[in-house]
Amino acid sequence: MDIAEGHEQEVIDYLRDLVHELYGTNELNYKWVEDQRQDLYKEDQRTARIFVTFSLLAIAVTCLGVLGLMMFDVRRRFREIALRKVNGATFRDIALLLSRRYLIIFGVAAIASLPLSLLIIHRLMASYTIRTSFAWWIPLLSIAVILALCALTLYGQMRKAMHIKPYKVLKEN
């Protein structure tokens, strides 16, 4: 039975009167189904928030690691980039030079992790008696998000590499 919004107190008063008539007491213990549902899933929601928080923290740490690796790689290759710029390399040429290695590493990691993660999820879901459906696009979405974050990081490093002054780099080394 649904209760029209704003009429909850009237229903409670009616039930209190009914309990008084039947049992001779004014004590009415009640709890709304929505409150019971929230109490039932409160621990699961807390656990989910913890998992999401640690997942975001892991992604942030990973992005910092990728940024550090890319900064190191670009800095190590400043002399090569400077020589290429002197010889007329464009932003596209430098971008291909720097991104090729990372695209290969990312592709190998994605190809290796996708079947493994799907297998682990399938086995984990099989251990429960009540199963839920699993969307096949979720691992692909996570790979796309990570690729976008890596691409943005790499783009920033490529722009930094394009703004170097070749004469300063070649003079230093």
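Straight-line reach from LYS31: which lysines fall under 17 Å, measuring Cα to Cα and dropping same-chain residues less than 8 apart?
Of all the lysines, those that pass the test against LYS31 - Cα under 17 Å, at least 8 places apart if same chain - are LYS42.
Within the chain, which is the longest segment containing none of the chymotrypsin sites (Phe, Trp or Tyr not before Pro) that sit in a DSSP loop and have at most 15 other Cβ atoms within 10 Å?
Within the chain, the longest run free of exposed chymotrypsin sites (Phe, Trp or Tyr not before Pro) spans 33-127.
Expressed as a rounded percentage, what relative contact order does the chain have, with Cα pairs under 8 Å and six or more residues apart?
Across the chain, relative contact order equals 33 percent.
Could you please state how large a percent of the accessible area of segment 62-173 is carbon and sulfur, counting protein chains only and using a 1.4 Å probe?
70 percent
Please identify which residues in segment 123-151 have an amide N closer than 16 Å to a label point set 7 Å out from the Cα of LEU114, following the Cα→Cβ vector.
Zone members listed by number: 135-148.
Compute the longest continuous run of the chain that contains no exposed trypsin sites (Lys or Arg not before Pro); treat a site as exposed when its DSSP state is not H, G, I, E or B and it has at most 13 other Cβ atoms within 10 Å.
Segment 32-130 is the longest.
What does the accessible area of THR25 come to, in Å² to the nearest 10, when a probe of 1.4 Å is used?
Per-residue accessible area (THR25): approximately 50 Å².
Within the accessible area of segment 1-56, what % is carbon and sulfur when the probe is 1.4 Å and the other protein chains stay in place?
Here carbon and sulfur together make up 54 percent of the probe-accessible area.
Show which aspartates and glutamates lie in cross-link reach of LYS171 when reach means a straight Cα distance below 16 angstrom and same-chain residues fewer than eight apart are skipped.
The reachable aspartates and glutamates, counting only those whose Cα sits under 16 Å from LYS171, are GLU80.
Counting only heavy atoms of protein chains, what accessible area per residue, in Å², does segment 58-173 have with a probe of 1.4 Å?
Per residue, segment 58-173 has an accessible area of 72 Å².
Hydropathy at least 0.5 by Kyte-Doolittle, axial extent at least 18 angstrom from the Cα trace: which helices of the chain, defined as entire DSSP H runs, fit?
91-126, 137-162
Picking from VAL108, VAL66, VAL33, which is most flexible by a Gaussian network model of the chain using Cα springs under 10 Å?
Maximum fluctuation in the GNM of the chain, among the listed residues, is at VAL33.
The values are calculated or read from the model by the stated rules, or taken from the named source; none is laboratory data. Note that the structure is a prediction, hence the values are computed from the model and not measured. Here Cβ is always computed from backbone atoms with ideal geometry, including for glycine, and neighbour counts include all displayed protein chains. Heavy atoms of the whole protein, side chains included, go into the accessibility calculation; ligands, DNA and RNA do not. Shrake-Rupley method; radii C 1.70, N 1.55, O 1.52, S 1.80 Å.
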